[in-house]
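The values are calculated or read from the model by the stated rules, or taken from the named source; none is laboratory data. Just so you know, these numbers come straight off a predicted model, no measurement behind them. Cβ: placed from backbone, ideal geometry, glycine included. Neighbour counts: every protein chain shown.
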Amino acid sequence: MPKESFSVGVLVKKRRIDHPWADFSWQPVGILPAAPDVAAWTVVAREEDAEIFYAGAQDVTLYSGETGHYRDNLVSGRPSLWVALRSAGNGYALSSVCADPYEGESQVQDPDLIVEAVPMPPEIATRMQDFVARFHVEQTFVKRKRKKDIGDTSLRPAARVLGLEDER
């Protein structure tokens, strides 16, 4: 299965919050179309109650079997990359960056991750469009037909006990 990988840089905001169990919130806020030559977790901007870090580089892999998902992402009106952070000591570490909206949304279910949909830079959107154009194959929906009689008699005693089968 053809695939293509490239590195992106990730920006993360650490903001002071007033909360009884945490002093800071962490949130992925930006994607750089290429990984810069900067050490991970370097502060790149400061605000009154927050700092923005270059969190590091992460590979994004596009798979030819997922082109329909990438196309859904691109036509959504807000193409995004999903960035996942995992707790690491006193802060967070990059866990993954993906372009598949369904994979990104499934990561939200993991309570150990912070997952955010971050706007996709135009350069990456163009790269994804090219990938989809090269590898997408439209698949037609085929409704499965039911078999009239399976002929499996092993379930008939259970069906009789449950009252699901007519007595003959």
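Step by step: first the residues of the stretch 71-90, then only those that are of a type in the set (S, T, N, Q) and part of a loop (DSSP other than H, G, I, E, B), then the one that is surrounded by the most Cβ atoms within 10 Å (Cβ to Cβ). Which residue is that?
Residue satisfying both the conditions and the ranking: Ser76.
Just to be sure, is Gly77 touching a Cys at 6+ places or on another chain (Cβ under 8 Å) and not aromatic (Phe, Trp, Tyr)? For Gly77, the condition - touching a Cys at 6+ places or on another chain (Cβ under 8 Å) and not aromatic (Phe, Trp, Tyr) - is not met. All of (1) closer than 16 Å to Val132 by Cα; (2) among the β-branched types (Val, Ile, Thr); (3) exposed (fewer than 15 other Cβ atoms within 10 Å of the Cβ) hold for Thr67 with one exception: (3). Scanning the stretch 45-64 for residues that are within 16 Å of Lys14 (Cα to Cα), modelled with pLDDT of 95 or more, surrounded by fewer than 15 Cβ atoms within 10 Å (Cβ to Cβ) and in contact with a strand residue (DSSP E or B) (Cβ under 6 Å, 6 or more places away or on another chain) turns up just one, Ala45.
Matching residues to (1) in contact with a His (Cβ under 9 Å, 6 or more places away or on another chain); (2) under 24 Å from Ser5 (Cα atoms); (3) in contact (Cβ under 8 Å) with a residue 12 or more places away in the chain:
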{"site": "Arg78", "(1), (2), (3)": "no, yes, yes"}
{"site": "Asn90", "(1), (2), (3)": "no, no, no"}
{"site": "Val97", "(1), (2), (3)": "no, yes, yes"}
{"site": "Asp100", "(1), (2), (3)": "yes, yes, yes"}
{"site": "Gly104", "(1), (2), (3)": "no, yes, yes"}
{"site": "Pro121", "(1), (2), (3)": "no, yes, yes"}
{"site": "Met128", "(1), (2), (3)": "no, yes, yes"}
{"site": "Val142", "(1), (2), (3)": "no, no, no"}
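Report whether or not Ile114 is farther than 17 Å from Gly68 by Cβ and not in a strand (DSSP E or B). The answer is no for Ile114.
Please verify whether Val38 is assigned to a loop (DSSP other than H, G, I, E, B), surrounded by 13 or more Cβ atoms within 10 Å (Cβ to Cβ) and either without any contact (Cβ under 8 Å) to a residue 24 or more places away in the chain or of a type outside the set (Lys, Arg) (or both), treating the condition exactly as stated. The answer is yes for Val38. If the condition is being in contact with a helix residue (DSSP H, G or I) (Cβ under 8 Å, 6 or more places away or on another chain), of a type outside the set (Gly, Ala, Ser) and either closer than 21 Å to Lys14 by Cβ or assigned to a strand (DSSP E or B) (or both), then the stretch 91-103 contributes only Cys98. Select from the stretch 17-33 the residues that are without any contact (Cβ under 8 Å) to a residue 60 or more places away in the chain and part of a loop (DSSP other than H, G, I, E, B) and write down the one among them that is surrounded by the most Cβ atoms within 10 Å (Cβ to Cβ). The extreme case among them is Ile17.
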